[in-house]
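The structure under discussion appears below in the form of structure tokens.
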Amino acid sequence: MLESSLDRNFSHSTFVFRGFPELQKHRRLLALPFSASYLLVLLGNSLLVQVVRRVESLHSPMYLLVCALCVVDILVVTAIVPNVLLGLLLDRNEISLAGCLTQMFFAHFLSSLESTLLLAMALDRYVAICRPLRYTEIMDSSMLAKVLLFTSVRSVSIMATLVGLAGSLRFCGSNSIQHCYCDHMALVSLACGSTGQSSAAGLAVIICFVGVDIPVIFLSYTKILSVVLRAAGEDRRKAFHTCGTHLIVMMCFYLVGSVTFLSHNLNIPIPTDVNTFMGLMYILLPATVNPIVYGLRTKEIRNGFLRIFKFRAKTIIGVKVSPAT
């Protein structure tokens, strides 16, 4: 009886990640694609931020939102991938409860910020295409500040509640997290008491972000397409190209994220290796392709990059030529 009482009062202070149990022999090979993706995320998003920052013509709400999205992508990937690589390369798989909760907060907080930024970008495109004459009036600096404030307040309040509920649980059973980072339900599933509130909070997050953001984004693009279909041939092709690409990226982000969240909340049996891989793709895929979608495939940003590149080339040539003259 005394032993069972001690068990109930005991709670783990450290946890071990078991993200790829079937691929442990190949974990160092797994580190290669994740390292390459991480470098691409850092390079692509940093370059896009620099282009938007240095080219004055890109200082409009749409491109500032793209810039904010790039910063969020860099931060969310940095909050997760370096620890994953340490585990794969050096077998450093342990994490404290405080460290786990901190990583959980930043991972989910930054992901929710990305969701809200995607929503803001869809609304920006709606105003630009469906209300072009009022665009500068509606999407001014004041509106942009309100959007960024709303994103921060919504994400902080919801994710702080989510992490606070998880931190109040006791973990007296296994301390092996079946993931490669501190996903909310991967940790909550290890609790030895009632997890009803945490599970409900997890579902509330899905409803709040996926259930609200996706319908609004879908409605915005439906309105956009209805206007585009009445436009001239070249304008229609350009709008379809831009909106179609944006929608593909958004749907990948929400689809993978929803499956990852719901697999734990609804006890859907997905192999640990598959669930872990999907959890990483939810973080890495948007961060890797966003610089391509919003950068290379956007004429204004592409021209801004070429302008900077040509200026640098002229500067370097001028420096090399001047001593000889």
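The values are calculated or read from the model by the stated rules, or taken from the named source; none is laboratory data. Treat the numbers as computed from the prediction; the structure is a model and nothing was measured. Ideal geometry is used to build each Cβ from the backbone, glycine not excepted, and the neighbour counts take in all protein chains shown.
Residue 40 fulfils the conditions (1) out of contact with any helix residue (DSSP H, G or I) (no Cβ under 7 Å at 6 or more places or on another chain); (2) touching a residue at least 24 places away in the same chain (Cβ under 8 Å) except for a single criterion, (1).
Only residues that are in a helix (DSSP H, G or I) and within 28 Å of residue 93 (Cβ to Cβ) were counted across segment 6-53, and they come to 28.
Of 260, 315, 288, 276, all but one fail to be part of a helix (DSSP H, G or I), modelled with pLDDT under 75 and within 30 Å of residue 205 (Cβ to Cβ); the exception is 260. Among the residues of this structure, residue 166 does not count as one that is buried (at least 18 other Cβ atoms within 10 Å of the Cβ), touching a Ser or Thr at 6+ places or on another chain (Cβ under 9 Å), touching a residue at least 12 places away in the same chain (Cβ under 8 Å) and closer than 30 Å to residue 62 by Cβ. Of the residues making up segment 197-215, not a single one is over 22 Å from the mean Cα position of the chain (by Cα) and not in a helix (DSSP H, G or I). Examine segment 198-212 for a residue that is aromatic (Phe, Trp, Tyr), modelled with pLDDT of 80 or more and over 26 Å from residue 16 (Cα atoms), and state whether such a residue exists. Within segment 198-212, none of the residues are aromatic (Phe, Trp, Tyr), modelled with pLDDT of 80 or more and over 26 Å from residue 16 (Cα atoms). Checked against the criterion of being of a type in the set (Asp, Glu), assigned to a helix (DSSP H, G or I) and surrounded by 15 or more Cβ atoms within 10 Å (Cβ to Cβ), segment 54-76 has at least one qualifying residue.
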